[in-house]
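Below is one structure, written out as structure tokens; comments come after it.
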Amino acid sequence: MKYKSFNFGKRLKEYRKSKNITQEKLAEKTGMRPGYISNVETGERSDPRLSTLLKILNGLDAGFDELAK
């Protein structure tokens, strides 16, 4: 069985923009730096911890399933 590749950073950026949330606003909601959000989105930080991913999802009021669509 083949699995479709998933790029979390790319989907994060698409989803964030679709909700009209800036990196700065997301950073404010999560307590992270805007630069860190940018690094996750661009893949420069491709291995964030699960706790970090959950903070980001909470900041977006989204579940992982919504980003995985």
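Rounded to the nearest 10 degrees, the angle from helix 8-18 to the longest Cα principal axis of the chain is 60 degrees. Our coupling estimate for segment 50-58, obtained by passing each phi through the Karplus curve with A = 6.51, B = -1.76, C = 1.60 and θ = phi - 60°, is 4, 4, 5, 4, 5, 4, 5, 4, 4 Hz, Gly and Pro reported as x.
Rolling a 1.4 angstrom probe over the chain with all protein chains present gives an accessible area of which 48% lies on carbon and sulfur atoms. When ligands, DNA and RNA are left out and all protein chains stay put, how many square angstrom of accessible area per residue does the chain have with a 1.4 Å probe? Accessible surface, normalised per residue, equals 72 Å². Between the labelled values (i) 20, 52, 18, 9, 1; (ii) 21, 61, 16, 3, 0; (iii) 21, 57, 21, 0, the entry that holds P(r) over Cα pairs in 10 Å bins from 0, in percent as derived from this structure is (ii). Over the C-alpha atoms of segment 29-69, the Rg to Rh ratio, Rh being the Kirkwood estimate, stands at 0.94. For Arg45, the amide hydrogen comes within under 5 Å of the amide hydrogens of Val40, counting only partners 5 or more places away or on other chains and with H modelled in the peptide plane.
The values are calculated or read from the model by the stated rules, or taken from the named source; none is laboratory data. These numbers were taken from a predicted model, which means no experiment stands behind them. We work out accessible area using only protein heavy atoms, side chains counted, and drop any ligands, DNA or RNA first. Shrake-Rupley method; radii C 1.70, N 1.55, O 1.52, S 1.80 Å.
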